[in-house]
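Trainee: Have a look at this one before I ask anything.
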Amino acid sequence: MRLIIPDFIENIVPYPPGKPQDELEREYGVKNSIKLASNENPWGPSPKAIAAVSAALANLRRYPDGASYYLTQALAAHHGLDASEIALGNGSNEMIEFLVKAFIREGLEVICSHPSFLMYQKFTQMRGGRCLVLPLIGMRHDLEAVLAAITTDTRLIFLDNPNNPSGSALDPAALYSFLAKVPEQVVVALDEAYIDFASPALHLDTNSLIRDTKNHCPVVFLRTFSKVYGLPGLRLGYGLMAKEVAACLQKVRQPFTVNSLAQAGALAALKDRTYFDDIVARNRRGREFLAGRLSRLGCDCLPSETNFIFFDIHADADRLYEAMLYKGVIIRSMRAYGHPSCLRVTVGTEEENARFLAAIEECLREIRA
Ligand SMILES: Cc1ncc(COP(=O)(O)O)c(C=O)c1O
């Protein structure tokens, strides 16, 4: 075999896959571990979504509806948009990929921040594009630096709002003023994977930003069913955008990228507003409780608009991460993100939060001794 691999592919470091929970349990000799590392909704999806997925199993022998007709119509009604202003993908991951495929080729540039969601960089590399990665300032996107960095090669800007891993959201006034200054040919993708957990005052006027395209850059809002809706296993993300942008994304997608179970589950989840509101309220209570208790343990928590908390233990985060694993609690060290004394924990159920707090209290005592 003689592989000839383009440099830009050869240089990609693959996204680090996490170990299955069973494997970790075997390795660390623990049972009944809890995973608070991937910002999943610990209560899972609406029971109505599970029932809809079960019913859809009967039709697996058929190809899915390639246009996701009913789901697209429902999303359009939900957001007060036209179906032509919506595009769907296999997780918001794939929406990011569609944007890069549609607008980037070798020589063109994407701007994103660090730390933030890693896939903006990976997809750009896969396409042979350049990715300019700007540091967060005070753990927030540095909008002034982004504006200053735009060149004639810039085609896409990714801003996760709220940001993962800091949990911070941008001030809408600052964002409106930023968007007014971005050149018209640059697409700004606001990745709102966690926006449903954020305070309503931080939500933008999605529809006017999408429709106000005269002398204005195109804005794409990325959403997902993986977080508040509790359906990451189904892989469904979507974007809200001007119809011209959506038409471009339709050109770069496979015909059946959203499977039939995802369509059925998401449609039922979207309709269950009572369950949705309950998850948002439970998350808010859990987040406040965890932040309060972590502060009492001498940790500094960043204010969070999400379902996770970024906190500083003022000691070695990797050591705490390891010690927690031995207690069967999986969280995420932020050393790899350039913050060696910080960790990120996902808000869990009340029981999981209590286990996490009992474990971290003991582990902090050990590593601070
Ligand atoms: C900021 C952000 N964007 C996108 C995603 C990807 O979500 P999806 O499951 O919809 O692909 C994540 C996942 O954690 C995320 O944190």
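Trainee: So if we plug the beta-carbon distance of Glu244 and Ala369 into 1/(1 + (r/R0)^6) with R0 = 51 Å, what FRET efficiency do we get, rounded to 0.05?
Mentor: For Glu244 and Ala369, the calculated efficiency is 0.25.
Trainee: Nearest 500 deg cm²/dmol is fine: what mean residue ellipticity at 222 nm does the chain get from its DSSP H runs of n ≥ 4 alone, each adding -39,500 (n - 2.57), divided by its residue count?
Mentor: Computed mean residue ellipticity for the chain: -12500 deg cm²/dmol.
Trainee: Using 19 Å as the Cα-Cα cut-off, could you pick out the over-long pairs in Lys101/Lys227; Lys48/Lys227; Lys35/Lys227; Lys251/Lys271; Lys101/Lys122; Lys181/Lys243?
Mentor: Beyond 19 Å between Cα atoms: Lys101/Lys227; Lys251/Lys271; Lys181/Lys243.
Trainee: May I pose another question? Taking neighbour Cβ counts within 10 Å as the exposure measure, how do Asp312, Asp191 sort from fewest upward?
Mentor: Values: Asp312 17, Asp191 28.
In increasing order of surrounding Cβ atoms, one gets Asp312, Asp191.
Trainee: Between Asp142 and Thr349, what is 0.36 nm times their sequence separation minus the Cα-Cα distance? Round to one decimal in nm.
Mentor: 71.2 nm
Trainee: Here is a further query. Over the chain, what is the percentage of antiparallel beta bridges among all DSSP beta bridges, to the nearest 5?
Mentor: Taking every DSSP beta bridge within the chain, about 45 percent pair in antiparallel fashion.
Trainee: Here's something else I'd like to know. Label Tyr176 and Ser54 with points 7 Å out from Cα along Cα→Cβ: what is the distance between them in nm?
Mentor: 4.7 nm
Trainee: Under a point spin-label approximation (7 Å from Cα along Cα-to-Cβ), what is the Arg319-Leu297 distance to one decimal in nm?
Mentor: For the pair Arg319/Leu297, the computed spacing is 1.6 nm.
Trainee: Can you tell me the relative contact order of the stretch 47-272? Whole percent, Cα pairs under 8 Å, sequence separation 6 or more.
Mentor: That works out to 30 percent.
Trainee: List the residues, sorted by chain then number, that are 5 or more residues from Leu134 or on another chain and whose placed amide H is less than 5 Å from its amide H.
Mentor: Residues meeting the amide H criterion: Cys112, Ser113, His114.
Trainee: Also, I was wondering about something else. Quick one: Debye curve from the C-alpha atoms of the chain, no solvent, what's log10 I(q)/I(0) at q = 0.07, 0.08 Å⁻¹?
Mentor: -0.32, -0.42
Trainee: Taking the Cβ of each residue in Thr306, Thr72 as the centre, tally the other Cβ atoms inside 10 Å and list the residues starting with the fewest.
Mentor: Arranged by neighbour count, lowest to highest, Thr306, Thr72 become Thr72, Thr306.
Trainee: How do Ile86, Ile157, Ile12 line up, fewest other C-beta atoms within 10 Å first?
Mentor: Listed from fewest to most nearby Cβ atoms, that is Ile12, Ile86, Ile157.
Trainee: By how many nm would the segment from Phe256 to Lys214 grow when fully extended, if each residue of separation counts as 0.36 nm and the alpha-carbon distance is taken off?
Mentor: Taking Phe256 through Lys214 to full extension adds about 11.8 nm, to one decimal.
Trainee: Could I ask something else about it? To the nearest 0.05, how large is the calculated FRET efficiency for Gln185 and Ala336 if R₀ is 30 Å and r is the Cβ-Cβ distance?
Mentor: The computed FRET efficiency comes out at 0.30.
Trainee: Can you list the HN-Hα couplings for the stretch 186-196, worked out from phi with the Karplus curve (6.51, -1.76, 1.60; θ = phi - 60°), rounded to whole Hz and with x for Gly and Pro?
Mentor: So the Karplus estimates, Gly and Pro as x, are 9, 8, 9, 9, 9, 7, 9, 3, 10, 4, 5 Hz.
Trainee: Could you run the Karplus curve 6.51 cos²θ - 1.76 cosθ + 1.60 with θ = phi - 60° over the stretch 3-12 and give me ³J(HN,Hα) per residue in whole Hz, x for Gly and Pro?
Mentor: 7, 10, 9, x, 3, 5, 7, 3, 7, 6
Read-outs throughout are calculated quantities, based only on the coordinates presented, and are distinct from any laboratory measurement. Because the structure is a prediction, the values reported are computed rather than measured. Reconstructed Cβ throughout: ideal geometry from the backbone, glycine too, with neighbour counts over all protein chains shown.
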